[in-house]
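Novice: Pasting a structure below so you can have a look.
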Amino acid sequence: MEKQNPYSKPRRIFGVLFIISITLFLILLLIGSSQSLTFGDESNQGEASASNQVVLIGGIVGVGTSCLTSIITFLGFLSTLFLGWRKEARDTKASELERKRLEIELERQKIELGRLKSEEEKKSKRDI
């Protein structure tokens, strides 16, 4: 059975969110490049001055995409941090169990060595 990487699910989620945000950015950029929002007096719409063309839709899309990317990046950071803490906790428990296992093995070997020494002493006393 193949062992699954614990980070594969978050990686897929953030990959899909990244693709969606880039696609949304490109679609809105194409739409926004042909249109602009104008504010001001309705009667003076014929005058195309720089003061009337305040905000382009592309600018709004850029800011929105930047905010969305920042949020997704922050969520990725948090998930990576959380998964790292979990992995560290698992590694700590595993090393503690390994240390206890080695201590038990050492005690078992000390007992075995003591038993062998006592048998050797009994043999040497019998031979004398």
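The values are calculated or read from the model by the stated rules, or taken from the named source; none is laboratory data. What you see is a predicted model; the values in this text were computed from it and never measured. Cβ: placed from backbone, ideal geometry, glycine included. Neighbour counts: every protein chain shown.
Novice: Find all pairs meeting these conditions: Cβ atoms under 6 angstrom apart; at least six residues apart or on different chains; first residue within segment 6-24 and more than 14 Å from residue 82 (Cα to Cα); second residue assigned to a helix (DSSP H, G or I) and among the small types (Gly, Ala, Ser).
Specialist: Within 6 Å, the pairs are 14/76.
Novice: Just checking, does segment 94-114 include any residue being among the basic types (Lys, Arg) and within 30 Å of residue 14 (Cα to Cα)? Spell out the reasoning first.
Specialist: To start, the set of residues in segment 94-114 that are among the basic types (Lys, Arg) comprises 99-101, 108, 110.
Keeping just the survivors that are within 30 Å of residue 14 (Cα to Cα) gives none.
The answer is no; no qualifying residue exists.
Novice: Ok, one more. Against the conditions (1) at pLDDT below 70; (2) hydroxyl-bearing (Ser, Thr, Tyr); (3) in a helix (DSSP H, G or I), where does residue 49 fall short? Just the number, please.
Specialist: (3)
Novice: Do you know which residues across segment 27-39 are exposed (fewer than 14 other Cβ atoms within 10 Å of the Cβ), in a helix (DSSP H, G or I) and at pLDDT below 75?
Specialist: Correct list: 30, 31, 33, 34.
Novice: Another question, then. Taking only pairs six or more apart or across chains, which ones have beta-carbon atoms under 6 Å, a first residue in segment 103-128 that is surrounded by 10 or more Cβ atoms within 10 Å (Cβ to Cβ), and a second residue that is part of a helix (DSSP H, G or I)?
Specialist: From segment 103-128, no pairs qualify.
Novice: Taking the stated definitions as given, is residue 82 modelled with pLDDT under 85, assigned to a helix (DSSP H, G or I) and under 33 Å from the mean Cα position of the chain (by Cα)?
Specialist: On the way: modelled with pLDDT under 85: no; assigned to a helix (DSSP H, G or I): yes; under 33 Å from the mean Cα position of the chain (by Cα): yes.
So residue 82 fails the test.
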